[in-house]
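Trainee: Below is one structure. I have some questions about it.
The values are calculated or read from the model by the stated rules, or taken from the named source; none is laboratory data. Note that the coordinates shown come from a computational prediction; the quantities given were computed from them, not determined experimentally. Note that each Cβ is placed from the backbone with ideal geometry, even for glycine, and that neighbours are counted across all protein chains shown.
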Amino acid sequence: MPLSVKHLLGINELTVEDIEQIFKTADNFKLVLNRPIKKVPTLRDTAIANIFFENSTRTRISFELAEKRLGAETISFSASGSSVSKGETLIDTVNNILAMKVDMVVMRHSASGAPWFLSQHIDAGIINAGDGINQHPTQALLDAFSIREKLGSVKGKRVAIIGDIMHSRVALSNIYCLLKLGADVMVAGPPTLIPKHIASLGVLVEYNIKKALEWCDVANILRIQLERMQKPLFSTLREYSLYYGISKDLLDSLSKKIIIMHPGPINRGVELFSDVADSKQSIILNQVENGVAIRMAVIYLLSGKRELNEQM
Amino acid sequence: MQILIKQVTVIDSQSEYNNKTVDLLVKDGIITRIDSVITETADSIIAENNLYISSGWVDVFADYCEPGYEQKETIETGINAAVAGGFTHVLLAPNTEPAVSTKSIIESILHKAKNKAVTIHPMGSATQNAAGKDIAEMLDMLCSNVVAFTDGWKPIQNANLALKVMQYIKAFNGTLVQMPIDTNLSAGGLMNEGINSTKLGMAGIPELAETIFLHRDIELLRYAESCLHITGISTAASVELIRKAKKEGLNISCSVTPYHLALTDDVLNTYNSLYKVSPPLRTETDRKALLLGLADGTIDCIATHHHPQEWDAKTKEYEYASDGMAIQESAFNVLWHYCKNYVSIERLIETLTVLPRLIFKMESQSITVGENACITLFQLKNETVLQSTSVKSKSKNNPFIGNKLSSCVYGIINNGLCVLNRNND
């Protein structure tokens, strides 16, 4: 069954059926990834451009691997050292790449809404790999997929998203995805890092980290994004780590064992301490592994190819 | 040159013919006769069904970008847009390059606008080069018929400087025009802060950025006992603040843009940069409060905030796109379409004619025999569509292009010239 959308711009554009279809397809790809030969030739005639206007290591590698394991040809470039630094516009940059017969674009961009803007000006399929402080839909999908894998389903589970909610595209796309799949969602952190109107999305808001951890089944800890902060939003990293950082002592003081997630990269000793990040409660590396399967599923489903079962 | 206008309904509270349908004769730029029927011959006869006449309309805040940004608009193309929009008088913002900060720049603008059907009033900057640091040579600029002073899109942030400007202009009955934005509170913001900015993942500009600034300027005004005009208020709280300040008897007036009366931040759901404006589009509650404020007299006049941007400046990622709408030529169509259920045509015309002339100390105009013919002709039809091909402005950053709107500007007579619109259907 194809997806109801041509692009993956944000989570809201997807139906619940779309998300379930992505998960089922990712289940199959996860089997492929655990075989000795980790590739299928499904997209051998497809060219995909990974255009990263913002620095990225894990997302870019994850997409590239997903594309290569589907047999696609890939090209990747980042903004620095490209024509963008010479003043070329986004539309020109992407159209020049498409003129070389590229079928799909994976784009990360520092401006919220940039993929929506691009989708109105080009013909190729677009996958949003993160736009500004708005969304990071494949991260939300892989996070929900990881919760489903660990707890059996997402529906009815309590997920607390903790930390810098205001500057996090992971937070917003996770909220949309988790609510869509029937989870209860709470956001927690210093009030200056939580958007004033966030409760209108249907989430709970908590400023006390211990209370948030007591409430939840899963805690998704977000990175403090110092590079995005234009105003003074909290005092010092020291104070943040003391009062909002997740330590082993704090986890052990809870009445139950909760699951710890983090989209990476981790500021160890700030929002998350190493003895938590590397503990058995953490599924951070499972998230990374699932990222490849989810991205394979999204790319495959958006490509419109219909021959997966024969090749698997 | 004689122009006979047949069976036209007068909308002019200062005219004895208000609400009457009459024939009107203009001879050499003067209204020479008004009667129920005039049978005299004329060089030109205007006879249209459902035609209305009022004094020429005033736009109290527009940007024609010359000198410095001629790729967006020039005095000439701006005047063409004003004619198409029915405006006979336009107050220009000083945010040019260099800024309108000296008598010589004002005189060069006036020179370019000479012998046109639209009268241009360049507003001088209140601070030197509109940089918000030192007081500009306002007395010198006054000699060039400047009616008001403003830093335009860059309102004065320093409270002490704003106070000094308010005090300085008292010597010559000047008016300070401020756009209500506290740039510390709006910093980084891309749209109204609220449910929609949260949903769209965009940094918000809180209502507070406007109301704090307005509060401050009202306090400064009370202290300085000067004259202040706030251009482009956008929130319900601002309407209330102005209402209170007026009740108190302060010399304050304000204007609203057509797009704040028409649109809310709901239109931003596809990140369309045509809707990126400053102050930002707000909520339906704010829009309703602005409409009520316009109806009850709290809001005095219309500022189109005509802000042309070339295609490249708008066709980019929302965050990087420039602010503004080039809306002057569809201003009235938008106004009547969105205001007609809240505001009478008499009241709307008052905000375009009598009130701006009073506030900015311009020569009064009236549909009266013996007066200069400073006239706007318009129709209240059901459907008008502004086609992209008939846009007169040099820029097309107007989201209302192609929309069905419910009125039409027929033409203007001003400065002895008569210009009729031919493409407005």
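Trainee: Kindly evaluate residue A:257 against the criterion of being in a loop (DSSP other than H, G, I, E, B), assigned by TED's automatic domain parsing to the domain that holds residue A:173 and over 27 Å from residue B:187 (Cβ atoms).
Mentor: Yes: the conditions hold for residue A:257.
Trainee: Can you name the residue in the stretch A:178-202 that is more than 14 Å from chain B (Cβ to nearest Cβ) and surrounded by fewer than 18 Cβ atoms within 10 Å (Cβ to Cβ) and is also farthest from residue A:20 (Cα to Cα) among such residues?
Mentor: Among residues in the stretch A:178-202 that are more than 14 Å from chain B (Cβ to nearest Cβ) and surrounded by fewer than 18 Cβ atoms within 10 Å (Cβ to Cβ), the one farthest from residue A:20 (Cα to Cα) is A:191.
Trainee: Is there any pair linking a residue in the stretch A:240-255 that is in contact (Cβ under 8 Å) with a residue 40 or more places away in the chain to one that is acidic (Asp, Glu) and surrounded by 11 or more Cβ atoms within 10 Å (Cβ to Cβ), with Cβ under 8 Å and at least six apart or on different chains, and which?
Mentor: Every condition considered, the pairs that remain are A:240/A:271; A:244/A:271; A:246/A:271; A:254/A:214; A:255/A:214.
Trainee: Could you list all residues from the stretch B:110-123 that are touching a Gly at 6+ places or on another chain (Cβ under 9 Å) and under 21 Å from residue B:156 (Cα atoms)?
Mentor: Listed by number, the list holds a single entry, B:123.
Trainee: Could you please find all residues in the stretch A:40-59 being polar (S, T, N, Q) and either surrounded by fewer than 21 Cβ atoms within 10 Å (Cβ to Cβ) or under 23 Å from residue A:122 (Cβ atoms) (or both)?
Mentor: Of everything in the stretch A:40-59, those that are polar (S, T, N, Q) and either surrounded by fewer than 21 Cβ atoms within 10 Å (Cβ to Cβ) or under 23 Å from residue A:122 (Cβ atoms) (or both) turn out to be A:46, A:50, A:55, A:56, A:57, A:59.
Trainee: While we're looking at this one, here's another question. In this structure, does residue B:268 turn out to be touching a Lys or Arg at 6+ places or on another chain (Cβ under 7 Å), within 14 Å of chain A (Cβ to nearest Cβ) and assigned to a helix (DSSP H, G or I)?
Mentor: no
Trainee: Let me ask you something else. Identify all residues within the stretch B:167-178 that are hydrophobic (A, V, I, L, M, F, W, C), farther than 13 Å from residue B:230 by Cβ and touching a residue at least 40 places away in the same chain (Cβ under 8 Å); write none if there are none.
Mentor: Residue satisfying the conditions is B:169 alone.
Trainee: Return the residue satisfying two criteria in turn: it lies in the stretch A:146-163 and is surrounded by fewer than 24 Cβ atoms within 10 Å (Cβ to Cβ) and at positive phi, and of such residues it is farthest from the other protein chains (Cβ to nearest Cβ).
Mentor: For the stretch A:146-163, the residue satisfying everything is A:152.
Trainee: Looking at residue B:192 and the list (1) touching an Asp or Glu at 6+ places or on another chain (Cβ under 6 Å); (2) at pLDDT below 95, which single condition is not satisfied?
Mentor: (2)
Trainee: Within the stretch B:201-217, can you find the residues that are surrounded by 20 or more Cβ atoms within 10 Å (Cβ to Cβ) and either among the polar types (S, T, N, Q) or away from chain A (no Cβ under 14 Å) (or both)?
Mentor: Hits for the stretch B:201-217 are B:210, B:211, B:213, B:214, B:217.
Trainee: Let me ask another. Those residues that are of a type in the set (Asp, Glu) and in contact with a Lys or Arg (Cβ under 8 Å, 6 or more places away or on another chain), I need them from the stretch A:237-288; list them, please.
Mentor: Within the stretch A:237-288, A:271, A:275 qualify.
Trainee: Taking residue A:146 and the conditions (1) out of contact with any Ser or Thr (no Cβ under 9 Å at 6 or more places or on another chain); (2) outside the structural domain of residue A:262 (by TED's automatic domain parsing); (3) in contact (Cβ under 8 Å) with a residue 24 or more places away in the chain, which numbered condition does it fall short on, given that it satisfies the others?
Mentor: (2) is the only condition that residue A:146 fails.
Trainee: Taking only the stretch A:185-199 into account, find how many residues are touching a strand residue (DSSP E or B) at 6+ places or on another chain (Cβ under 9 Å), under 24 Å from residue A:245 (Cβ atoms) and not in a loop (DSSP other than H, G, I, E, B).
Mentor: Selection size over the stretch A:185-199: 6.
Trainee: Which of the helices (runs of 4 or more DSSP H) contained wholly in the stretch A:29-145 include at least 2 residues that are within 26 Å of residue A:282 (Cβ to Cβ) and away from chain B (no Cβ under 14 Å)?
Mentor: Those helices (runs of 4 or more DSSP H) span A:58-69.
Trainee: Would the stretch B:227-248 turn up any residue that is modelled with pLDDT of 95 or more, within 14 Å of chain A (Cβ to nearest Cβ), outside any helix (DSSP H, G or I) and touching a Phe, Trp or Tyr at 6+ places or on another chain (Cβ under 9 Å)?
Mentor: Within the stretch B:227-248, none of the residues are modelled with pLDDT of 95 or more, within 14 Å of chain A (Cβ to nearest Cβ), outside any helix (DSSP H, G or I) and touching a Phe, Trp or Tyr at 6+ places or on another chain (Cβ under 9 Å).
Trainee: Continuing with the same structure: Go over the candidates A:220, A:290 one by one and state the one that is touching a residue at least 60 places away in the same chain (Cβ under 8 Å) and either in contact with a strand residue (DSSP E or B) (Cβ under 6 Å, 6 or more places away or on another chain) or part of a loop (DSSP other than H, G, I, E, B) (or both).
Mentor: One residue alone meets the criteria, A:220.
Trainee: Okay, next question. Restricting to the stretch B:21-31, name every residue that is out of contact with any Ser or Thr (no Cβ under 7 Å at 6 or more places or on another chain) and surrounded by fewer than 16 Cβ atoms within 10 Å (Cβ to Cβ).
Mentor: Residues satisfying the conditions are B:28, B:30.
Trainee: Which condition from (1) closer than 22 Å to residue A:271 by Cβ; (2) over 15 Å from the mean Cα position of the chain (by Cα) is the one that residue A:78 breaks?
Mentor: (1)
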